[in-house]
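What follows draws every value from the coordinates through simple rules; no lab data is involved. Treat the numbers as computed from the prediction; the structure is a model and nothing was measured. Quick reminder, even Gly has a Cβ in these numbers, built from the backbone with ideal geometry, and neighbours come from all protein chains shown.
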Amino acid sequence: MKQYNVHIDLGDRSYDITIGSSLLSSIDKYLPFDIADKKFFLITDTNVELYSLSVQKLLQANGAEFCDVLTFPFGEATKSYDSLKKAHDWLLKNNVHRNSVIMAIGGGVIGDLAGFAAATALRGVYYVQVPTSLLAQVDSSVGGKTGINTYYGKNLVGAFYQPVAVIADTDTLQTLPKRELLAGYAEIVKYGLIDDLDFFEWLEENAKSVLELNKAAVSYAIEASCRAKAAIVEADEREGGKRALLNLGHTFGHALEAAAGYDGSLLHGEGVAIGIIMAYELSLLLGHCTQGDVDRVRAHFKSVGLPVDIGSLSTSIDDLLAIISRDKKAVDNKMVFVIPSGIGKSFISKDVPKDMVVKVLEQFILGE
Ligand code: NAD
Ligand code: GLY
């Protein structure tokens, strides 16, 4: 079975992403160092602990100096100060040293938490991302954003800190719930919409195969997504400009997620799917895309079973606007948004009139 390799070129912080089937059973081949002279600290959650235990066995069999597993409860609540402290205490108690490796085995929650623990323990130790959710394989494990949530909002404490390797075994997706798979798929579509019409068209043709986990289709979709993300991260690692394109649909999406209360009723990728449609409606109002573009994207999300409207979410225009304004401070009633200009093209606009944003919210909340 074909394996893909995507290299992220960031000077001395460069690394490889390996994508394919049956990688975990030979994970030693994809690590950029000898196992025998390393201590391994595996961080995981209760839903994917089994994968971690098999990786632990393999590392031990290959002579790892030390290899233990720390398992957190699954879910967004794990990305907290409490968990970070637990991880630090565990690392320090077991004499983590600069030659140690933290391995994050799980979805984006574990990747973000373990990555931040790696960035901060001893001012930085190696870490490897072993993403097991589709969202983590196409987005969160790549690019070095790590962090935890706070009372004041998601991802507000963290660091840019790159892993030394990313190993995405597509076989793990077999146990991922269908709803989580679809949420990850929304982030894949995002890459096509940002700057790759051909990829979007490929997804229109092949969505079913990707979501049925056809090995060739899913590996290719992950590879294309990682390649797209790698190019953007290489150009703008710390989000001074272009990297913000990766937030297409995320301003509306994050507001919807916050309004839903992070209780599992609206997954991140589901919020992103609705948020992307809202961004297209905003673009239409601003004259940057056609009704045909909006309809085409909406039809694609609908065809795979992603949400395209806010459904039974109980919220108001004022509530959503307050959340959006908190991270997009309106200057002279102008806001910053990623605007899709058709399909496969997008740009960052710093002067979106606030009243246009309100109009989009009215469409989705009041049906106007
Ligand atoms: P997650 O880690 O909560 O995983 C989703 C659910 O799937 C969890 O219940 C998890 O236990 C389960 N799961 C994961 N892999 C599984 C498998 N193979 N089999 C069975 N169950 C499995 O969430 P996520 O959707 O992976 O990631 C969302 C998180 O990622 C959010 O916290 C978000 O802020 C963050 N994120 C970070 C970045 C970044 O660049 N760092 C980018 C996007 C999202
Ligand atoms: N997920 C957005 C980013 O990595 O920048």
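In table form, for the structure just shown:
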{"quantity": "From the C-alpha gyration tensor of region 205-273, square roots of 5λ in Å", "calculated": "24, 22, 8"}
{"quantity": "Per-residue Cβ neighbour rank within 10 angstrom, fewest leading, LEU313, LEU203", "calculated": "LEU313, LEU203"}
{"quantity": "Diffusion coefficient, µm² s⁻¹, Stokes-Einstein with Kirkwood Rh over alpha-carbon pairs of region 259-303 at 10 °C and 1.306 mPa s", "calculated": "140 µm²/s"}
{"quantity": "GluC sites (Glu not before Pro) restricted to region 207-241 and DSSP loop, no more than 16 other C-beta within 10 Å", "calculated": "GLU212, GLU239"}
{"quantity": "Relative contact order %, the chain, counting alpha carbon pairs below 8 Å whose residues are six or more apart", "calculated": "14 percent"}
{"quantity": "Taking the convex hull of Cα positions in region 106-255, its mean projected area over all directions (nm²)", "calculated": "9.1 nm²"}
{"quantity": "Per-residue [θ]222 nm for the chain (sum of -39500 (n - 2.57) over DSSP H runs n ≥ 4, rounded to 500)", "calculated": "-14000 deg cm²/dmol"}
{"quantity": "0 to 90° range, to nearest 10: angle between helix 291-304 axis and the chain longest Cα axis", "calculated": "40 degrees"}
{"quantity": "Value of Rg to Rh for region 284-358 (Rh from inverse mean 1/r over Cα pairs, i.e. Kirkwood)", "calculated": "1.00"}
{"quantity": "Globularity ratio of region 240-368, using Cα Rg and 2.2 N^0.38 Å", "calculated": "0.97"}
{"quantity": "With 10 Å bins from 0: P(r) over the chain, alpha-carbon pairs, percent", "calculated": "5, 25, 34, 24, 10, 2, 0"}
{"quantity": "Set of lysines with alpha-carbon distance to LYS85 below 29 Å, sequence-local pairs under 8 removed", "calculated": "LYS38, LYS39, LYS57, LYS93, LYS145, LYS154"}
{"quantity": "Cα-derived Rg to Rh of region 91-133, Kirkwood definition", "calculated": "0.98"}
{"quantity": "Nearest-ten-degree value, helix 108-120 long axis tilted from longest Cα axis of the chain", "calculated": "60 degrees"}
{"quantity": "Cβ-based exposure ranking for HIS268, HIS250, HIS97, in which fewest neighbours within 10 Å come first", "calculated": "HIS97, HIS250, HIS268"}
{"quantity": "Rounded to 10°, Cα long-axis angle of helix 197-211 versus longest principal axis of the chain", "calculated": "60 degrees"}
{"quantity": "Most mobile listed residue (ARG298, ARG227, ARG326) in the chain, GNM with C-alpha springs under 10 Å", "calculated": "ARG326"}
{"quantity": "Residue exposure sequence - PHE66, PHE41 - by fewest surrounding Cβ within 10 Å", "calculated": "PHE66, PHE41"}
